[in-house]
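*Asks:* Mind having a look at this structure? Questions to follow.
The values are calculated or read from the model by the stated rules, or taken from the named source; none is laboratory data. Note that the structure is predicted; figures quoted are calculated from it, not measured. Glycine also receives a Cβ, built like all others from the backbone with ideal geometry; neighbour counts cover every protein chain displayed. SASA here: full protein model, heavy atoms, side chains in, ligands and nucleic acids out. Shrake-Rupley method; radii C 1.70, N 1.55, O 1.52, S 1.80 Å.
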Amino acid sequence: MKHLRLLFFLALVLVQERRSHFAAKAEDRGGFVKTEGVHFMLNGSPYYANGFNAYWLMFLASDPSQRAKVTSAFQEATSHGLSIARTWAFSDGGYMPLQSSPGSYNEQMFQGLDFVISEAKKFGIKLVLSLVDNYEALGGKRRYVEWARSQGQPIASDDDFFTNPVVKGYYKNHIQTVLTRRNSVTGIAYKDDPTIMAWELMNEVRCPSDPSGRTIQAWITEMASYVKSFDGNHLLEAGLEGFYAQSSAQKQQNNPSFLVGTDFIENNQIPGIDFATVHSYPDQWLSDPSVGNQISFLSNWVNTHIQDAQNVLHKPLLFAEFGISSKDSGYNQNERDQFFDTVYSAIYSSARGGGAAAGSMFWQLLTVGMDSYRDGYEIVLSESPSTASVIAQQSQKLNKIRKMYARLKNIEEWKKANNRRNDGGN
């Protein structure tokens, strides 16, 4: 009997090994991503993901004649092992608005977002949906305060977005509208759809009028509680770039030479925030953006935040944006590949050791025929074979870690079942 059990055990491992190359996609198709300590968890196993930013998905999908580009982007992404995407669930006033005025929504744009979510599900891609922008290109916090000013509110600056009660009411209404939206394609309410991995309160939240971080601390606390009152299924992150402030003054030396009113430690310690995020653009942030200086800064920035997520926050860490621009002086493809590899190597090293780094999303993925969206940071996989190879290799590495945990989980379940049979006198 013992020999039979051993043979069954070995067969189970071999079958799992044979099937494991399908495991990642199967996992992504169902279940909400949760957190357990410093890990993301999906269907009972630690979850690691390589991914991308594509803010434009809703905009293209709102035009049915352009939806093939969304499908193409997802196809190309999954062929390189990318399984998580970050995109916008906002467009405030102006051209192609989702929300044309407070509480007034464009159904055509919402149907575009519906399509994006339904299409992501088909390809096993999890989504991080951002709810408002720090910047004004698509409305953002400036549009919100302009709406309030037009109603007679005493607005001093864009940073009143975080404190004015009328503005906060507008934003809360947007939260409720998006979270309770019923997808016109799938019929599933957004708040009940496991295709969505997480909500983001604001893209690159900043409040420079209060460098202490206290204004942002109060705003995140209030809005995190509000999101959770509607949605207990999904994870939530604040949209932070990773800047340190007064709560960790000794680490402010890691910042670029400016403050933005956020505090990586305190802001991420808010109970409603489930995981931490970091962005990195040393070509924009540093006064000396030489390649060597950028890589040195990047390596320190990545590793410092991994350690803080692990040892201080005790939460998972996602590198939600990073990139290097082809418009930078002296740019060459090897520099971009080295830049990506610096981020990827640190994440893999942490993940392999059971650490807090769970994945990353480069800025930004485009597909062929999207020249008007090029910003210098774009990656068109078919045009950048060396970078595409770096990306695919990272996906494979993280997927191997996920497979390892999945196999261990199955083996542990088999052992428990076997022990129960032994206890039953078999």
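*Asks:* Which numbered condition trips up residue 189, out of (1) in contact (Cβ under 8 Å) with a residue 12 or more places away in the chain; (2) more than 30 Å from residue 375 (Cα to Cα); (3) among the aliphatic types (A, V, I, L, M)?
*Replies:* Against the list (1) in contact (Cβ under 8 Å) with a residue 12 or more places away in the chain; (2) more than 30 Å from residue 375 (Cα to Cα); (3) among the aliphatic types (A, V, I, L, M), residue 189 comes up short only on (1).
*Asks:* Let me ask another. Are any residues in region 149-161 in a helix (DSSP H, G or I), out of contact with any Gly (no Cβ under 9 Å at 6 or more places or on another chain) and open to solvent by less than 40 Å² (accessible area, probe 1.4 Å), and if so, which ones? I'd like the intermediate steps shown before the answer.
*Replies:* Taking region 149-161 and keeping what is in a helix (DSSP H, G or I), we get 149-150, 158-161.
If we keep only those that are out of contact with any Gly (no Cβ under 9 Å at 6 or more places or on another chain) as well, we get 149-150, 160.
Once the filter is applied, which keeps residues that are in a helix (DSSP H, G or I), out of contact with any Gly (no Cβ under 9 Å at 6 or more places or on another chain) and open to solvent by less than 40 Å² (accessible area, probe 1.4 Å), region 149-161 yields only 160.
*Asks:* So, in region 29-53, of the ones that are modelled with pLDDT of 95 or more and touching a Ser or Thr at 6+ places or on another chain (Cβ under 8 Å), which residue ends up farthest from residue 398 (Cα to Cα)?
*Replies:* 53
*Asks:* So residue 420 clears everything in (1) more than 19 Å from residue 334 (Cβ to Cβ); (2) in contact (Cβ under 8 Å) with a residue 12 or more places away in the chain except one condition, right? Which one?
*Replies:* (2)
*Asks:* Answer yes or no: is there a residue in region 130-141 that is surrounded by fewer than 20 Cβ atoms within 10 Å (Cβ to Cβ), farther than 22 Å from residue 221 by Cβ and among the polar types (S, T, N, Q).
*Replies:* Restricting attention to region 130-141, the residues satisfying the condition of being surrounded by fewer than 20 Cβ atoms within 10 Å (Cβ to Cβ) are 134-137.
Of the ones still in play, those that are also farther than 22 Å from residue 221 by Cβ are 135-137.
Adding the requirement that they be among the polar types (S, T, N, Q) leaves none.
Looking for residues that are surrounded by fewer than 20 Cβ atoms within 10 Å (Cβ to Cβ), farther than 22 Å from residue 221 by Cβ and among the polar types (S, T, N, Q), one finds none in region 130-141, hence no.
*Asks:* Might you let me know whether region 71-78 holds any residue that is under 24 Å from residue 321 (Cα atoms) and open to solvent by 50 Å² or more (accessible area, probe 1.4 Å)?
*Replies:* yes
*Asks:* Let me ask something else. For region 347-380, which residues satisfy the criterion of being open to solvent by 10 Å² or more (accessible area, probe 1.4 Å) and either under 27 Å from residue 61 (Cβ atoms) or among the aliphatic types (A, V, I, L, M) (or both)?
*Replies:* If the condition is that a residue be open to solvent by 10 Å² or more (accessible area, probe 1.4 Å) and either under 27 Å from residue 61 (Cβ atoms) or among the aliphatic types (A, V, I, L, M) (or both), then 363, 368, 369, 371, 372, 373, 374, 375, 377, 378 are the ones that fit.
*Asks:* Looking only at residues in region 162-186 that are open to solvent by 30 Å² or more (accessible area, probe 1.4 Å) and free of Cβ contacts under 8 Å to residues at least 24 places away in the same chain, which one is nearest to the chain's Cα centre (by Cα)?
*Replies:* 182
*Asks:* Of all residues being out of contact with any Lys or Arg (no Cβ under 8 Å at 6 or more places or on another chain) and surrounded by 21 or more Cβ atoms within 10 Å (Cβ to Cβ) in region 324-339, which is nearest to residue 401 (Cα to Cα)? Just the residue, please. Steps first, answer last, please.
*Replies:* Of all residues in region 324-339, those out of contact with any Lys or Arg (no Cβ under 8 Å at 6 or more places or on another chain) come to 325, 327-339.
Right, trim to surrounded by 21 or more Cβ atoms within 10 Å (Cβ to Cβ) and you get 336, 339.
Details: 336: 25, 339: 23 Å.
Filtering first and then ranking leaves 339.
*Asks:* Inside region 162-186, can you point out the residues that are farther than 15 Å from residue 142 by Cα and either outside any helix (DSSP H, G or I) or among the hydrophobic types (A, V, I, L, M, F, W, C) (or both)?
*Replies:* Result: 175, 178, 179, 180, 181, 182, 183, 184, 185, 186.
*Asks:* Just wondering, is there one or more residues in region 192-212 that are among the aliphatic types (A, V, I, L, M) and either at pLDDT below 95 or surrounded by fewer than 19 Cβ atoms within 10 Å (Cβ to Cβ) (or both)? Before you say what the answer is, go through the steps one by one.
*Replies:* At the first step, the residues of region 192-212 found to be among the aliphatic types (A, V, I, L, M) are 196-198, 201-202, 205.
If we keep only those that are either at pLDDT below 95 or surrounded by fewer than 19 Cβ atoms within 10 Å (Cβ to Cβ) (or both) too, we end up with none.
So far as region 192-212 goes, no, none of its residues is among the aliphatic types (A, V, I, L, M) and either at pLDDT below 95 or surrounded by fewer than 19 Cβ atoms within 10 Å (Cβ to Cβ) (or both).
*Asks:* Could you check residue 262 against (1) touching a strand residue (DSSP E or B) at 6+ places or on another chain (Cβ under 9 Å); (2) buried (at least 22 other Cβ atoms within 10 Å of the Cβ); (3) of a type outside the set (A, V, I, L, M) and say which number it fails?
*Replies:* Checking residue 262 against (1) touching a strand residue (DSSP E or B) at 6+ places or on another chain (Cβ under 9 Å); (2) buried (at least 22 other Cβ atoms within 10 Å of the Cβ); (3) of a type outside the set (A, V, I, L, M), the one that fails is (1).
*Asks:* Take the conditions open to solvent by 30 Å² or more (accessible area, probe 1.4 Å) and polar (S, T, N, Q) and apply them to residue 65. Does it pass?
*Replies:* Working: open to solvent by 30 Å² or more (accessible area, probe 1.4 Å): yes; polar (S, T, N, Q): yes.
So residue 65 passes the test.
*Asks:* Can you tell me which residue in region 280-303 is farthest from the chain's Cα centre (by Cα), limited to those that are surrounded by 17 or more Cβ atoms within 10 Å (Cβ to Cβ) and in a loop (DSSP other than H, G, I, E, B)?
*Replies:* The selected residue is 289.
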